[in-house]
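S.K.: This is the structure I want to talk about, given as structure tokens.
The values are calculated or read from the model by the stated rules, or taken from the named source; none is laboratory data. Note that this is a predicted model, so its numbers are computed, not measured. No Cβ is skipped: glycine too gets one built from the backbone with ideal geometry, and neighbour counts run over all protein chains shown.
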Amino acid sequence: MKLRPLLAFAVAGLAAALSAQTPATPAPDLTKNPALTRAPLNPALPTLFIAGDSTAARGRGERQQGWAEPFAQYFDLAKINVANRARGGRSSRTFITEGVWDQLLADLKPGDFVLIQFGHNDASPVNEDASVPPAARRARGSIPGLGDETQAVDNIITKKPEVVYTFGWYLRKMIAETRAKGATPIVLSLTIRNLWKDGKLEPTSRHSQWSAETAAATGTAFFDLSTAVAAQFETLGAEKTAALYPQDHTHFNAPGADLHAATVVAGLKTLPGNPLATFVK
């Protein structure tokens, strides 16, 4: 199967989204979603893992879908496993502290690949104030930046002491531990938010810039998904782009997920050495 032209597909998906008559539903609380049942991996094949948040994770129907769900259809699954381990509501910090990263590492083997994409939830509070109602509390943020600063907290969610590190520290940990298993890390910038000013999408998150800088500093392959998707959305315009974000400015629907997935695949083909070339349909 050849990759579909990205903009043409986006417009086709957009038409379907505009014609749908599905009633609006309340936004799910993605900070409390349970662990997904993991499909068995063929041990004879390499595996392409995705580590990320709700913008990549399995969604809750047509109104919200992560890009890593349609992503698998672009690969020859007789040659490679595609394992979406993204979890809604997670930051680089909580993906590690909740044990999701260790679960991924347990399955990782030499010759595998890991796509790493975090940042949306890293801007949350490091530790929520006690005045915030329990249902609204978030203690998932990382310390801004790339340094080695730390902050000791008594985590208001887990009720346990915790040392919190910078966003860059958590990314470097994932990159180093991926390489230690003989696998290849690839860092992605964030998905784009549907936020406009003067006819242009607002600049990408500083976490996207920190992701790029961490990748460069560690000699890790990097694809700037934010910029690639923003260029397509600015061609579509604000009104048509809004149809891909029926729930909020961060989470897109199924057509939006496929546009992002196709863009990731196209971006992977531009990486030095095109390491996944033999696996793409």
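S.K.: Counting only residues that are among the aliphatic types (A, V, I, L, M) and farther than 16 Å from residue 50 by Cα, how many does the range 177-190 have? Break it down stepwise before answering.
M.R.: Here is the first cut: in the range 177-190, the ones among the aliphatic types (A, V, I, L, M) are 180, 183, 186-188, 190.
Applying the additional criterion that residues be farther than 16 Å from residue 50 by Cα yields 180.
So the count comes out to 1.
S.K.: So, one more: Across the range 60-90, what is the total count of residues that are crowded, with 24+ Cβ neighbours inside 10 Å and in a loop (DSSP other than H, G, I, E, B)? Steps first, answer last, please.
M.R.: First, the residues of the range 60-90 that are crowded, with 24+ Cβ neighbours inside 10 Å: 64-68, 86-88, 90.
With the extra rule that they be in a loop (DSSP other than H, G, I, E, B), the set shrinks to 64-67, 86-88, 90.
Summing the residues that are crowded, with 24+ Cβ neighbours inside 10 Å and in a loop (DSSP other than H, G, I, E, B) in the range 60-90 gives 8.
S.K.: Looking at the range 139-183, which of its residues are small (Gly, Ala, Ser) and either in contact with a Ser or Thr (Cβ under 9 Å, 6 or more places away or on another chain) or part of a loop (DSSP other than H, G, I, E, B) (or both)?
M.R.: Within the range 139-183, 139, 141, 142, 145, 147, 168, 176, 182, 183 meet the criteria.
S.K.: Name the residue that is surrounded by the most Cβ atoms within 10 Å (Cβ to Cβ), counting only residues in the range 100-117 that are part of a loop (DSSP other than H, G, I, E, B) and over 17 Å from the mean Cα position of the chain (by Cα).
M.R.: The residue in question is 112.
S.K.: To continue, here is another question. Enumerate the pairs (first residue in the range 108-135 and on the phi > 0 side of the Ramachandran plot; second residue anywhere and surrounded by fewer than 22 Cβ atoms within 10 Å (Cβ to Cβ) and of a type outside the set (Gly, Ala, Ser)) with beta-carbon separation below 6 Å, excluding pairs fewer than 6 apart on the same chain, so at least 6 apart or on different chains.
M.R.: So the pair list comes out as 111/46.
S.K.: Being closer than 28 Å to residue 78 by Cβ, touching a strand residue (DSSP E or B) at 6+ places or on another chain (Cβ under 7 Å) and crowded, with 20+ Cβ neighbours inside 10 Å, is that true of even one residue in the range 222-232?
M.R.: Checked the range 222-232: at least one residue is closer than 28 Å to residue 78 by Cβ, touching a strand residue (DSSP E or B) at 6+ places or on another chain (Cβ under 7 Å) and crowded, with 20+ Cβ neighbours inside 10 Å.
S.K.: Within the range 191-221, which residues are buried (at least 19 other Cβ atoms within 10 Å of the Cβ), closer than 16 Å to residue 51 by Cβ and β-branched (Val, Ile, Thr)?
M.R.: Correct list: 191, 214, 220.
S.K.: Another one. Among the helices (runs of 4 or more DSSP H) lying completely within the range 188-281, list those that include at least 1 residues that are charged (D, E, K, R) and touching a Pro at 6+ places or on another chain (Cβ under 6 Å). Give the derivation first.
M.R.: Details: elements: 206-218, 225-236, 238-242, 254-268.
Those helices (runs of 4 or more DSSP H) span 254-268.
S.K.: Sticking with this one: Go through (1) modelled with pLDDT under 75; (2) assigned to a loop (DSSP other than H, G, I, E, B); (3) surrounded by fewer than 14 Cβ atoms within 10 Å (Cβ to Cβ) for residue 15 and report which single condition fails.
M.R.: (2) is the only condition that residue 15 fails.
Matching residues to (1) more than 29 Å from residue 244 (Cβ to Cβ); (2) among the polar types (S, T, N, Q); (3) without any contact (Cβ under 8 Å) to a residue 60 or more places away in the chain:
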{"position": "157", "(1), (2), (3)": "yes, no, yes"}
{"position": "165", "(1), (2), (3)": "yes, no, no"}
{"position": "168", "(1), (2), (3)": "yes, no, yes"}
{"position": "178", "(1), (2), (3)": "yes, yes, no"}
{"position": "184", "(1), (2), (3)": "yes, yes, no"}
{"position": "194", "(1), (2), (3)": "no, yes, yes"}
